[in-house]
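Contents: one structure, followed by commentary.
The values are calculated or read from the model by the stated rules, or taken from the named source; none is laboratory data. Remember, it's a predicted structure, so these values are computed and weren't measured experimentally. Every residue, glycine among them, receives a Cβ derived from its backbone with ideal geometry; neighbour counts consider all protein chains shown.
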Amino acid sequence: MDPSKPVSGLGCNRAVNAFLRFLFLPGFACITTSLLAVSPFNERSNFNQRLQIRTNSVLDGRTFREALTRICETNELNLWIDRRVDPSKRIEIGPVGPTVFQALQKIAASEDCDVMPVSGVILVGRPQWIRELTEDILTANPNELGSVMDVHWDELTTPSEALSTVESLTATAEPPLPHDHWPQNSWKNIDSGVAKLLIRGQFLESKSPTHGDDQRNKKTITRIYSLTAATREKAKVTIPELAPSTKLTRSATGLSIQASAAQHLLITSWLLTDQAVEEGADIDGDTFTLKKMSTTAENAFRQLAKTAGLQCVIDSSAQAACSEFVTLEGENVTLRFLLERIAEQINATITWQDSKIIISKKVTTEKD
């Protein structure tokens with residue numbers, strides 16, 4: 001099932017969703033119910049499979065936006081960043097991985113942001129913004145979903161102009177948005193209704209931060225999680241511990257989980273990281289792209305060795321040399337290549353062993 005499309009046969013749920021929304025009016029606050037999510041989670045979808053592709057990258061020196069964009073474009077993932085987050089800050093976080101999703105999480109964490117993959121797009125932003133936008137997407141009106149399209153706008157496009165790129169294909173009139181200038185953006189195969197929610201979602205902060213949060217935290221959403229038998233059995237044990245107030249029931253394809261938007265974020269993150277294998281990168285097989293950066297040789301040795309799952313031992317003969325600054329950069333190069341380049345710059349040698357590397361001073365012999 002493609003997560004970028006609404007569930008087939010949701011037409012029968014439209015009246016149900018409308019009724020459930022009615023129950024959340026102030027006069028009915030005492031009634032407990034749950035909205036039905038229009039975007040299910042499918043463990044085997046192409047979207048989620050791409051998030052679990054193995055990757056190891058070093059993106060230090062790039063801006064927050066550049067790092068996220070590189071990961072997403074390489075893996076053909078749609079990206080949407082909270083406009084309240086500074087995208088120009090340069091990251092210095094070392095290797096990211098071992099999966100695409102975990103790489104995105106580590107980059108996002110450098111700016112105290114969360115990551116939520118939903119409806120075929122990767123949301124990156126402040127925790128409150130993620131929760132609110134996730135809820136709006138999961139509980140969207142099914143009547144406004146279903147038309148899949150490619151969306152593109154150029155640099156310095158205003159929010160209203162961005163919205164018009166979607167409206168021109170859906171013929172739906174929308175009121176204008178606050179004035180701003182946005183960077184270039186492209187989404188592939190995105191639901192038109194979701195695209196409009198994303199664009200309007202950049203202005204969610206206009207809602208009451210206190211009353212709005214309180215109401216959202218009380219609201220629960222029932223989402224279908226299509227899982228393999230093995231994952232389902234593990235989830236039945238782990239999810240109640242991860243999010244104690246959730247309600248799990250068996251569904252035809254996995255589990256039906258009633259939880260808040262914040263809890264669905266926790267569940268989704270767990271499902272996408274549980275299968276990740278924490279192992280070192282292949283020093284000769286995996287390739288990396290490193291933007292020009294400067295650091296001490298010792299720091300570079302240790303960071304790259306850690307990425308390869310190797311212990312780094314600095315021999316006393318090389319201690320002084322390893323305190324020197326080195327410059328590193330490369331496009332699709334191996335860890336061995338990068339480590340050897342560091343050694344060359346400080347006139348050191350690397351002894352390669354199964355579980356570690358030993359850095360020592362290069363011995364030169366004079367010829368008579």
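Miscellaneous remarks
- Test: residue in region 90-107 that is farther than 23 Å from Leu304 by Cα and polar (S, T, N, Q): no
- Given (1) in contact with a Gly (Cβ under 8 Å, 6 or more places away or on another chain); (2) buried (at least 16 other Cβ atoms within 10 Å of the Cβ); (3) assigned to a helix (DSSP H, G or I), index of the condition Lys306 fails: (2)
- For the residues Pro127, Pro98, Pro159, Pro178, the requirement of being in contact with an Asp or Glu (Cβ under 7 Å, 6 or more places away or on another chain), surrounded by fewer than 17 Cβ atoms within 10 Å (Cβ to Cβ) and of a type outside the set (D, E, K, R) singles out Pro127.
- Set Ala321, Ala343: member being among the hydrophobic types (A, V, I, L, M, F, W, C) and within 22 Å of Ser355 (Cβ to Cβ): Ala343
- Qualifying positions in region 317-331 - in contact with a Leu (Cβ under 9 Å, 6 or more places away or on another chain) and either of a type in the set (Lys, Arg) or buried (at least 19 other Cβ atoms within 10 Å of the Cβ) (or both): Leu328
- For region 228-248, the condition of being surrounded by 15 or more Cβ atoms within 10 Å (Cβ to Cβ) and charged (D, E, K, R) holds for at least one residue.
- Exactly one residue out of Thr289, Thr273 is surrounded by fewer than 20 Cβ atoms within 10 Å (Cβ to Cβ), touching a residue at least 24 places away in the same chain (Cβ under 8 Å), within 30 Å of Thr139 (Cβ to Cβ) and of a type outside the set (Gly, Ala, Ser): that is Thr273.
- Unmet requirement for Ile53, which otherwise passes all of (1) surrounded by fewer than 22 Cβ atoms within 10 Å (Cβ to Cβ); (2) β-branched (Val, Ile, Thr); (3) in contact with a Lys or Arg (Cβ under 6 Å, 6 or more places away or on another chain); (4) under 22 Å from Ala308 (Cα atoms): (3)
- Single residue of region 317-343 satisfying the filter (modelled with pLDDT under 90 and of a type in the set (D, E, K, R)) that is farthest from the chain's Cα centre (by Cα): Glu329
- Exactly one residue among Ile346, Ile314, Ile283 is surrounded by 16 or more Cβ atoms within 10 Å (Cβ to Cβ), on the phi < 0 side of the Ramachandran plot and at pLDDT 95 or above, and that residue is Ile346.
- Just one residue in the set Leu68, Leu79 is in a helix (DSSP H, G or I), crowded, with 17+ Cβ neighbours inside 10 Å and at pLDDT 95 or above; that residue is Leu68.
- Scan of region 251-275 for residues that are outside any helix (DSSP H, G or I) and either at pLDDT 95 or above or under 20 Å from the mean Cα position of the chain (by Cα) (or both), ordered by number: Leu255, Ser256, Ile257, Gln258, Ala259, Ser260, Gln275
- So Thr228, is it within 24 Å of the chain's Cα centre (by Cα), modelled with pLDDT under 95 and assigned by TED's automatic domain parsing to the domain that holds Leu51: yes
- Subset of region 131-144 (residues that are aliphatic (A, V, I, L, M) and surrounded by 23 or more Cβ atoms within 10 Å (Cβ to Cβ)): Leu133, Ile137
- Condition met for Ile122 (assigned by TED's automatic domain parsing to the domain that holds Gln202, touching a Leu at 6+ places or on another chain (Cβ under 8 Å) and either more than 30 Å from Asp274 (Cβ to Cβ) or not in a helix (DSSP H, G or I) (or both)): yes
- Cβ pairs under 6 Å, 6+ apart, first in region 317-342 and part of a strand (DSSP E or B), second surrounded by fewer than 13 Cβ atoms within 10 Å (Cβ to Cβ) and of a type in the set (S, T, N, Q): Phe325/Ser294; Thr327/Ser294
- Matching residues, region 341-359, being over 10 Å from Leu310 (Cα atoms) and charged (D, E, K, R): Arg341, Glu344
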